[in-house]
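One structure is given below, encoded as structure tokens.
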Amino acid sequence: MQKTEVTENADGTRRSLSNRNVQMIAIGGTIGTGLFLGSGTTISKTGPSILLVYLVLGIFFFLMMRALGEMLYSDPSQHTFVAFITRYLGPVVGHFTGWTYWLGLSFCAMAEITAISTYVQFWFPNIPSWLIQLVFLGTLAAVNLIAAKVFGEAEFWFALIKIIAIIALIATGVFMMFSHSTTPLGHASIQNIFQNFSMFPHGAMSFISAFPMVFFAFQGIEFVSITIGEAETPHRIIKKAVNETLLKILIFYFGALIVIMGIIPWTHLNAASSPFVQVFKLAGFPAAAAIINFVVLTSASSSLNSFIFSAGRHFYQLATETPTDSFMNRHFAKISKNGVPAAAITFSAICLLITPLMSLTNATASVFTIVAGSSNDMYILVYALAMIAHRKYRESSDFLPDGFKMPWYNLTSPLTIAFFAIIFVTLFFIPEDIIGAVGAIIWTVVFGGVTYLHQRSLEPADAENN
């Protein structure tokens with residue numbers, strides 16, 4: 001009976017996402033090509049020390065999720081965590097954060113669309129990229145427009161494919177290590193991880209540069225917070241999703257990395273190739289490349305699906321925060337009969353149609369790379385602002401002393417904010433990340449200033465309306 005009572009929210013959206021949907025959305029949004037394709041690069045930089053990098057990042061992302069979870073527990077009707085930034089840090093910061101996050105989501109979605117066409121062309125090289133991109137974008141946009149439940153089910157199966165691939169890798173690796181299987185690289189053994197161990201095998205800078213790489217691998221874990229507004233039993237799901245999801249992700253990452261380094265001594269790992277393909281080939285599976293290509297195709301499709309869902313909710317949130325007589329509010333602050341922000345989802349999807357243009361010229365592709373890098377770096381600021389908003393929440397009358405509280409708040413909150421700041425500073429020590437970091441600063445100063453001036457210009461009109 002409780003399920004029926006919370007089926008529909010006041011704004012027309014429906015609470016149709018189950019706990020398994022929410023759990024898989026969070027896992028699917030975080031475990032992606034960074035593990036299947038990019039983990040070889042991170043391992044080659046730091047060796048076995050990469051496990052420490054994942055552990056440290058995992059702890060701080062868990063603390064951030066506890067902060068977001070605490071605010072959502074106090075008001076689970078919100079569709080995005082940016083709503084709390086607006087509430088506790090003011091409309092200027094909220095407006096800036098909302099647009100910044102939406103643009104970041106859009107650029108990430110464009111990158112996934114580009115990757116999808118590459119993976120499909122592995123089997124069908126003669127199909128043009130633009131056609132592949134249109135088909136996948138149209139299909140996943142339609143999935144999001146039908147109902148949140150359909151999106152949730154699609155994400156469940158997308159994520160399940162990734163999890164099966166990881167479990168298959170771990171099972172294969174454990175068997176090979178316990179049976180001491182012989183490969184062209186030697187014997188598979190857990191001892192391969194600790195043999196000739198060095199904390200900084202390629203120097204401290206290589207170790208430091210691994211932190212931003214792993215940070216962006218975890219990027220997307222906050223998607224779980226965006227689903228709470230449409231979850232069936234939000235208070236119960238918030239606790240389970242936040243407390244369990246990160247643990248599961250760490251288990252999958254740790255398990256996969258340990259197996260990879262146990263079978264392939266990290267000094268022999270080919271950073272340019274997927275570690276999953278290398279392991280399965282050593283295990284005697286010649287079709288490993290095709291299998292992993294299918295997995296990363298579903299992984300990219302899953303990420304695109306989540307980005308469309310999240311971008312639609314954030315654009316809807318931005319529209320609701322504009323004056324009621326504005327163009328955005330009249331056209332995009334609406335919920336369809338299906339219980340989804342259809343206009344906001346459609347607009348976000350249409351914006352992604354420029355993706356095929358990105359590959360027309362090298363100059364366009366280069367500009368896209370720079371802008372995408374800058375938007376990725378902006379996520380660090382968004383996360384930090386969310387943590388600051390949480391501190392304001394603790395000082396407000398909304399604070400629930402018996403709610404889902406962030407553990408050891410007085411210590412962990414400032415430490416998490418400081419850690420995000422350190423991650424951003426490290427970008428300036430990595431040559432390939434400097435342009436993106438500078439671009440993020442320019443965006444903050446320019447767009448932040450424009451947002452402030454725009455908000456100031458609205459104040460007299462708001463005063464008259466009141």
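The values are calculated or read from the model by the stated rules, or taken from the named source; none is laboratory data. Just so it is clear, the structure is predicted and the values come from calculations on it, not from any experiment. Here the Cβ positions follow ideal geometry from the backbone for every residue, glycine too, while neighbour counts run over all protein chains shown.
Scanning the range 250-269 for residues that are closer than 13 Å to MET65 by Cβ and buried (at least 23 other Cβ atoms within 10 Å of the Cβ) gives no hits. Please verify whether ARG87 is among the basic types (Lys, Arg), modelled with pLDDT under 85 and assigned to a helix (DSSP H, G or I), treating the condition exactly as stated. Answer is no for this residue. Residues that are over 15 Å from TYR379 (Cβ atoms) and buried (at least 20 other Cβ atoms within 10 Å of the Cβ) are absent from the range 97-109.
Assessment of the range 201-210 against the conditions (within 19 Å of the chain's Cα centre (by Cα) and not charged (D, E, K, R)) yields at least one matching residue. Which condition number does TYR393 fail, the rest of (1) over 24 Å from ILE237 (Cβ atoms); (2) of a type outside the set (Val, Ile, Thr); (3) modelled with pLDDT of 90 or more being met? All conditions are met except number (1). The residues on offer are ALA171, ALA159, and the sole one that is closer than 27 Å to LYS281 by Cβ, assigned to a helix (DSSP H, G or I), of a type outside the set (D, E, K, R) and at pLDDT 90 or above is ALA171. Every residue in the range 177-225 that is assigned to a loop (DSSP other than H, G, I, E, B) and among the hydrophobic types (A, V, I, L, M, F, W, C), please. Result: LEU185, ALA188, ILE190, PHE197, MET199, PHE200, ILE221. Just one of (1) at pLDDT 90 or above; (2) under 22 Å from ALA231 (Cβ atoms); (3) more than 18 Å from the chain's Cα centre (by Cα); (4) not charged (D, E, K, R) fails for PHE315. It is (3). Condition check: on the phi < 0 side of the Ramachandran plot, of a type in the set (Ser, Thr, Tyr), in contact (Cβ under 8 Å) with a residue 12 or more places away in the chain and surrounded by fewer than 20 Cβ atoms within 10 Å (Cβ to Cβ). Does SER299 satisfy that? Considered against the rule, which asks whether it is on the phi < 0 side of the Ramachandran plot, of a type in the set (Ser, Thr, Tyr), in contact (Cβ under 8 Å) with a residue 12 or more places away in the chain and surrounded by fewer than 20 Cβ atoms within 10 Å (Cβ to Cβ), SER299 comes out as no. Residues in the range 96-149 that are charged (D, E, K, R) and within 18 Å of the chain's Cα centre (by Cα): 1 in all. Among the residues of the range 267-285, write down those that are in a helix (DSSP H, G or I), in contact (Cβ under 8 Å) with a residue 12 or more places away in the chain and out of contact with any Gly (no Cβ under 7 Å at 6 or more places or on another chain). THR267, HIS268, PHE276, VAL277, GLN278, PHE280, LEU282, listed by residue number. Taken as a whole, the condition of being assigned to a helix (DSSP H, G or I), surrounded by 22 or more Cβ atoms within 10 Å (Cβ to Cβ) and within 18 Å of the chain's Cα centre (by Cα) does not apply to ILE59. The set of residues in the range 226-250 being at pLDDT 80 or above, among the polar types (S, T, N, Q) and part of a helix (DSSP H, G or I) consists of THR227, ASN243. Scanning the range 386-426 for residues that are among the hydrophobic types (A, V, I, L, M, F, W, C), buried (at least 18 other Cβ atoms within 10 Å of the Cβ) and farther than 19 Å from GLY58 by Cα yields a single hit, ALA389. Please specify each residue of the range 150-185 satisfying the condition of being under 30 Å from THR13 (Cβ atoms), in contact (Cβ under 8 Å) with a residue 12 or more places away in the chain and out of contact with any strand residue (DSSP E or B) (no Cβ under 7 Å at 6 or more places or on another chain). Passing the criteria: PHE151, GLU153, ALA154, GLU155, PHE156, PHE158, ALA159, LEU160, ILE161, LYS162, ILE163.
Count of the range 11-34 residues, restricted to those that are closer than 15 Å to SER303 by Cα and small (Gly, Ala, Ser), is 5. In this entry, PHE399 is excluded by the filter for residues that are at pLDDT 90 or above, of a type in the set (Phe, Trp, Tyr) and assigned to a helix (DSSP H, G or I).
Exactly one residue out of SER39, SER49, SER74 is more than 15 Å from LYS248 (Cα to Cα), among the hydroxyl-bearing types (Ser, Thr, Tyr), surrounded by fewer than 24 Cβ atoms within 10 Å (Cβ to Cβ) and touching a Leu at 6+ places or on another chain (Cβ under 8 Å), and it is SER74.
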